[in-house]
Amino acid sequence: MDVVIVGGHGKIARHLGRLLAQRGDTARGIIRNPDHADDLRADGIEPVVADLEAEETTGESLAGAFRGASAAVFAAGAGPGSGKERKWTVDHGAAVKTVDACRHAGIDRIVVVSAMGLDGPPRTDDEVYVEYHKAKAQADQDVRESGLHYTIVRPGMLTDEDGHGRIHAARQVDRGPIPRADVAATLLAVLDDPSTVHCTFEVVGGPDEIAAAIATVSSKDGVRETGAADAE
């Protein structure tokens, strides 16, 4: 497997890249800051420098970095402390450019790291969070309508503790924590399991071994989506 990871220096992205490298797969990490390249190389990830927020960066211009890959993972995010504008340029805009790059590069498989609670209203009236909620929800919808074979993974509260290897996954779950390492392992299981195509689900720490949970998640209520863009 050859996977392009957008937001390649993020913590989840690096966990995923290391998992891929450890089993002999290839990972390319799209990063904005060239100073992060050596970190990725140390993980066994090939760094590719590109600024997805730049106006001159388009899906077509990114296609060369994506070409030949079997899948793309969108794991970028503006992060805490960023303003409302960057929620749209990164959390939404970079996702749209990733979709377009996949189309130009001939990649039909995409996995998106999204956020919990997007099926309902924002859980707070904080202005920045409301914009984040809108941007992520719109990005998810644009991915669904892209015609690509997508899976949208919506993790709970992220922690940096060691992974437990067990999760709870469904269309909606109660809020709770999940180690970033377990989110990465979930993404790997999703990439390995074609039954997750056209699925959207939330995930937190839980009782189920990851691969087993992912093997059955598509059978749960509301997880598999069958809209007009469903190309199976």
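The values are calculated or read from the model by the stated rules, or taken from the named source; none is laboratory data. Here the structure is a predicted model, which means the values were calculated and not measured. When we count neighbours, we look across all protein chains shown, and the Cβ atoms used for this are built from the backbone with ideal geometry, even at glycine.
Quick notes on this structure:
- The one condition in (1) at pLDDT 95 or above; (2) more than 26 Å from residue 172 (Cβ to Cβ); (3) out of contact with any strand residue (DSSP E or B) (no Cβ under 9 Å at 6 or more places or on another chain) that residue 96 fails to fulfil: (2)
- 2 or more residues more than 18 Å from the chain's Cα centre (by Cα) and among the acidic types (Asp, Glu): qualifying strands (runs of 3 or more DSSP E) within segment 92-163: none
- Test for residue 157: is it surrounded by fewer than 15 Cβ atoms within 10 Å (Cβ to Cβ) and modelled with pLDDT of 95 or more: yes
- Count - residues of segment 139-154 that are among the charged types (D, E, K, R) and surrounded by fewer than 19 Cβ atoms within 10 Å (Cβ to Cβ): 2
- Residue within segment 165-176 that is within 18 Å of residue 16 (Cα to Cα), surrounded by fewer than 16 Cβ atoms within 10 Å (Cβ to Cβ), of a type outside the set (Lys, Arg) and modelled with pLDDT of 95 or more present: yes
- Scanning segment 110-120 for residues that are surrounded by fewer than 23 Cβ atoms within 10 Å (Cβ to Cβ) and either of a type in the set (A, V, I, L, M) or out of contact with any helix residue (DSSP H, G or I) (no Cβ under 8 Å at 6 or more places or on another chain) (or both) turns up 115, 116, 118, 119, 120.
- Set 46, 60: member being within 19 Å of residue 110 (Cα to Cα), touching a helix residue (DSSP H, G or I) at 6+ places or on another chain (Cβ under 9 Å) and loosely packed, with under 14 Cβ neighbours inside 10 Å: 60
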